[in-house]
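A.B. asks: Got a structure for you, questions after.
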Amino acid sequence: MICANKKCAKEFEAKTHNQKYCTDECCRIATNRRIMEKYYEKKAIRNGALRPCKKCGCQLSRYNESNLCSSCLKKTNQSQRDRLLGLINEIS
Ligand SMILES: [Zn+2]
Ligand SMILES: [Zn+2]
């Protein structure tokens, strides 16, 4: 296994199959960094950073914290429901 902490990236022997970091310290550092990244991302959004919708590319509102615009979100939810209904129809 290679430590998932990019600054460390040391090779180590994993004791459990889901161990991603060589030490607890590396795990802590990487978790902290993820939290900080999220924090800065949210801050940028609040400050009006422009973000495109991941599906259609239209500009997202700064109050929208997801990666999709509201109409794409609605479509996604709709198609998920359709798939579920299709599945139920197949079974019965
Ligand atoms: Zn490490
Ligand atoms: Zn969209």
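No value in this document is a laboratory result; all are computed from the given coordinates. Nothing here was measured: the structure is a model prediction, and the numbers come from that model. Quick reminder, even Gly has a Cβ in these numbers, built from the backbone with ideal geometry, and neighbours come from all protein chains shown.
A.B. asks: Which lysines does K74 reach when only Cα atoms under 27 Å apart count, and residues fewer than 8 places away in its own chain are ignored?
C.D. replies: Straight-distance partners of K74: K38, K42, K43, K54, K55.
A.B. asks: What size of dipole, in debye to the nearest 20, comes out for the chain about its Cα centre when the only charges are +1 on Lys and Arg C-beta atoms and -1 on Asp and Glu C-beta atoms?
C.D. replies: Computed about the Cα centre, the dipole is about 460 debye.
A.B. asks: Considering the Cα trace of segment 17-73, what is its radius of gyration and what is Dmax, both in angstroms?
C.D. replies: When restricted to the Cα atoms of segment 17-73, Rg and Dmax are 15.7, 44 Å.
A.B. asks: Can you give the net charge of the other residues whose Cβ lies under 11 Å from the Cβ of C22, counting K and R as +1 and D and E as -1? Intermediate values should be presented prior to the final figure.
C.D. replies: Numbers: positive: K10, K15, K20; negative: E11, E13, D24, E25.
Around C22, the charge tally is -1.
A.B. asks: Under 25 °C and 0.890 mPa s, how fast does segment 41-92 diffuse according to Stokes-Einstein, given a Kirkwood radius computed over C-alpha pairs? Answer in µm²/s, whole number. Display every interim value, and only then the final one.
C.D. replies: Details: Rh = 12.5 Å.
In µm²/s, the coefficient is 196.
A.B. asks: Under 10 Å, Cα contacts only: if you run a Gaussian network model on the chain, which one of R33, R81, R46 comes out with the highest mean-square fluctuation?
C.D. replies: Greatest mean-square fluctuation among the candidates belongs to R81.
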